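The values are calculated or read from the model by the stated rules, or taken from the named source; none is laboratory data. Remember, predicted model here, so these are calculated numbers, not experimental data. Here the Cβ positions follow ideal geometry from the backbone for every residue, glycine too, while neighbour counts run over all protein chains shown. These accessible areas exclude ligands, DNA and RNA; they are computed on the full protein's heavy atoms, side chains included. Shrake-Rupley method; radii C 1.70, N 1.55, O 1.52, S 1.80 Å.
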Amino acid sequence: MSSIKKLAGQTIWYGASSIFARFLYYLLTPYLTGKFAGTVEYGKMSLVFALIPFLFTLIVFAFETAYFRFMQRKEYKVDVYDTLSTSLLISTLGIIGLTIFFRERIATFIGLPGHPEYITLCATIIGFDALSALPFAKLRHENRPKKFAFIRITGILLNIVIVYFFLTVCPGIIKKNPNSILHFVYSAHLGVAYVLIANAAASLFQFLALSKEWSRVNLHINKTLWKEVMIYALPLTIAGFAGMINETFDRIMLQRWSPLKGDAATFEVGVYSACYKLSILITLFVQAFRMGAEPFFFKQSTEENAPRVYARVMKFFVITICGMFLFVSLYLDIWKYFIRDEKMWAGLKVVPILLLANMFLGIYINLSIWYRLSRKTTAGAYITLIGAGITIAINFLFIPYFSYMACAWATFICYGTMMVISYIWGQKSYPVPYAWKKLVAYMVIVVILYFIHHGIISVWHNTALNYTVATLFLLLFGLFIYRIERKEFDNLFKIRRSSV
């Protein structure tokens with residue numbers, strides 16, 4: 001149980017800083033949906049940001065995971081950071097150069113012809129983010145959370161300040177003073193470009209703040225190590241690339257295959273993207289967990305009781321995300337104000353589906369430890385490719401008829417399938433005693449509570465009743481979990497008290 005406490009600590013330090021940083025960034029959603037209300041600009045921005053994860057995954061090549069894995073090998077420990085950093089620098093310069101060279105074709109492919117400048121700015125963001133990836137991993141491995149948190153949070157704050165300056169401060173000053181010098185840096189039609197410029201500035205800041213980590217790199221490649229890393233990382237990269245199809249490519253597919261055309265299709269992309277962000281709580285927790293869990297799982301793997309620890313981690317993880325599912329879905333009438341453009345509220349029906357989909361994704365990430373530890377990373381590639389195939393097939397067949405609802409259900413079925421396959425396959429290769437019947441029961445219970453609540457408020461349209469029933473269900477679920485898992489919680493609290 002002390003191992004779980006250690007993981008919780010790492011999740012709080014590294015994950016909480018990432019959560020806070022990303023939450024600050026997500027605060028731009030109500031701001032931007034308000035600023036771009038009644039236009040297709042938010043949809044355009046969503047298409048651009050759907051492209052970034054693909055190129056980032058291709059450049060970074062799962063080197064973060066490889067770094068944690070090969071730092072456990074004594075014969076390579078000295079060369080790991082230098083070798084991976086040198087390789088990363090080469091791949092970044094090459095792929096970013098190609099991206100800028102083909103920027104016009106890429107812009108047309110994602111549905112934004114006439115805006116190659118968006119792709120150039122994307123390349124800048126990706127380049128600096130990629131070069132920051134290994135230094136951030138190094139900070140996590142060396143348990144330097146304060147610097148990690150400071151850089152992440154300051155970068156996001158810088159991003160927000162620059163966006164606000166260009167979209168609110170500049171128009172306000174120019175309106176009062178048409179002859180202001182700000183005319184040289186501001187143009188009213190560059191809304192999306194300013195958001196990208198702010199992101200590029202934040203990425204540059206992060207890179208410069210991590211320059212000390214780069215200054216310690218000796219540019220050379222240990223060929224033997226590099227070959228092993230590439231063999232290990234290639235399947236993970238394929239899995240990551242396919243994962244981006246599952247996570248973000250549906251925006252581009254929606255733009256291309258929507259029953260609507262032109263600006264109407266782009267607006268629907270914005271609706272879906274904005275509503276997708278209402279699954280923020282689970283998404284952020286999964287991200288925080290991943291930040292803390294990745295180095296923890298590799299270090300824990302040498303312990304004799306590692307499988308039992310992984311099973312307990314899964315239990316607490318599922319309990320937490322079930323509570324988060326209820327917290328978002330039962331109070332959706334409050335969360336919807338996160339989106340300032342009321343026309344986008346038509347897409348709120350996708351939120352519960354996406355919440356469940358992200359629950360499945362979180363569980364899959366938890367389960368994926370079996371192929372990462374056993375070095376069977378090709379299994380991860382196969383599983384994610386299956387998921388990508390499901391995503392593409394469902395979206396291709398059903399987007400022309402059901403628009404973004406098809407995207408939501410494709411995400412749900414994709415992550416659910418990946419979760420089930422990973423569990424069955426993993427138990428054969430690296431058995432972990434997950435209490436799967438109990439965990440499935442918890443997920444079924446929260447879904448039933450959601451449908452009961454939805455049925456009640458559909459019959460009686462009363463705000464007070466809505467929130468009262470929602471709070472009651474949330475408290476009842478918490479009490480139910482505590483009674484079932486009381487022994488686990490008591491043991492955890494005893495450890496906490498004894499360590500004070």
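For this structure, a couple of remarks:
- Hits in region 359-368 - residues which are in a helix (DSSP H, G or I) and either in contact with a Lys or Arg (Cβ under 8 Å, 6 or more places away or on another chain) or closer than 12 Å to Y423 by Cβ (or both): F360, I363, Y364, I365, N366, L367
- Search result, residues across region 146-159 that are open to solvent by less than 40 Å² (accessible area, probe 1.4 Å) and touching a residue at least 60 places away in the same chain (Cβ under 8 Å): F148, A149, I153, G155, I156, N159
- Residues within region 82-122 that are open to solvent by less than 40 Å² (accessible area, probe 1.4 Å) and touching a Lys or Arg at 6+ places or on another chain (Cβ under 7 Å), tallied: 4
- Residue within region 389-399 that is under 23 Å from the mean Cα position of the chain (by Cα), open to solvent by 70 Å² or more (accessible area, probe 1.4 Å) and closer than 26 Å to W257 by Cβ present: no
- Wholly enclosed helices (runs of 4 or more DSSP H) of region 61-157 bearing at least 3 residues closer than 23 Å to V195 by Cβ and at pLDDT 90 or above: 80-101, 103-109, 116-141
- The lone exception for N218 - which of (1) touching a helix residue (DSSP H, G or I) at 6+ places or on another chain (Cβ under 6 Å); (2) surrounded by 15 or more Cβ atoms within 10 Å (Cβ to Cβ) it fails: (2)
- Annotation for region 478-490: no member residue is under 23 Å from the mean Cα position of the chain (by Cα) and open to solvent by less than 20 Å² (accessible area, probe 1.4 Å).
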